[in-house]
Amino acid sequence: MPKPEKNDIELIRSWTLSPATTMGSSVRAKGILQELQSRVPSAAKRSLALDGSEVILAMPSSEKAVFRAAAADVTETMADAEKLPVIPREIQDILGMKASERHR
């Protein structure tokens, strides 16, 4: 007997990371995604994804309350994303240097 397919309509929302926020670095974009994941409810951590310069939150329609809470947290964090500190590995990627150069 074939497995029935799930036809849940997904709740989807996306935010665009500006070039000023990422500083042209994919490592910086990944760091911002990790910061966002740390601030959303634990049920929504895996629902956040990065696609180029877009942060996407996609959840099943059955989790509307969690989706709304996560979307509010992401919106608030994205407003201050340019003010987030730049960590050493992000600086290394932005400046295009090797780890040994950074350590010097």
Among (i) -0.78, -0.97, -1.04, -1.17; (ii) -0.94, -1.01, -1.04, -1.15; (iii) -0.86, -1.08, -1.15, -1.27, the entry derived from the coordinates for log10 I(q)/I(0) by the Debye sum over Cα atoms at q = 0.17, 0.20, 0.21, 0.23 Å⁻¹
(i)
Which of I87, T22, P41 sits farthest toward the positive end of the charge dipole of the chain, with +1 on the Cβ of Lys and Arg and -1 on the Cβ of Asp and Glu?
I87
Give me M59, M97 ranked fewest to most by other Cβ atoms within 10 Å of their Cβ, as a rough exposure proxy.
M97, M59
Selected from I12, A69, M97, residue furthest toward positive end of dipole (the chain; charges at beta carbon)
M97
Please list, in order along the stretch 62-67, the HN-Hα scalar couplings obtained from phi with the Karplus expression 6.51 cos²θ - 1.76 cosθ + 1.60 (θ = phi - 60°), rounded to whole Hz, x for Gly and Pro.
6, 10, 4, 5, 5, 4
The size of the Cβ-based charge dipole (Lys, Arg +1; Asp, Glu -1) of the stretch 10-103 about the Cα centre, to the nearest 20 debye, is 200 debye
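Quick note: the coordinates plus some simple rules give every number you see, no bench work behind them. A quick note: this is a predicted structure, and the numbers were derived from the prediction, not measured. Every residue, glycine as well, gets a Cβ built from its backbone with ideal geometry; the counts of neighbours run over all protein chains shown.
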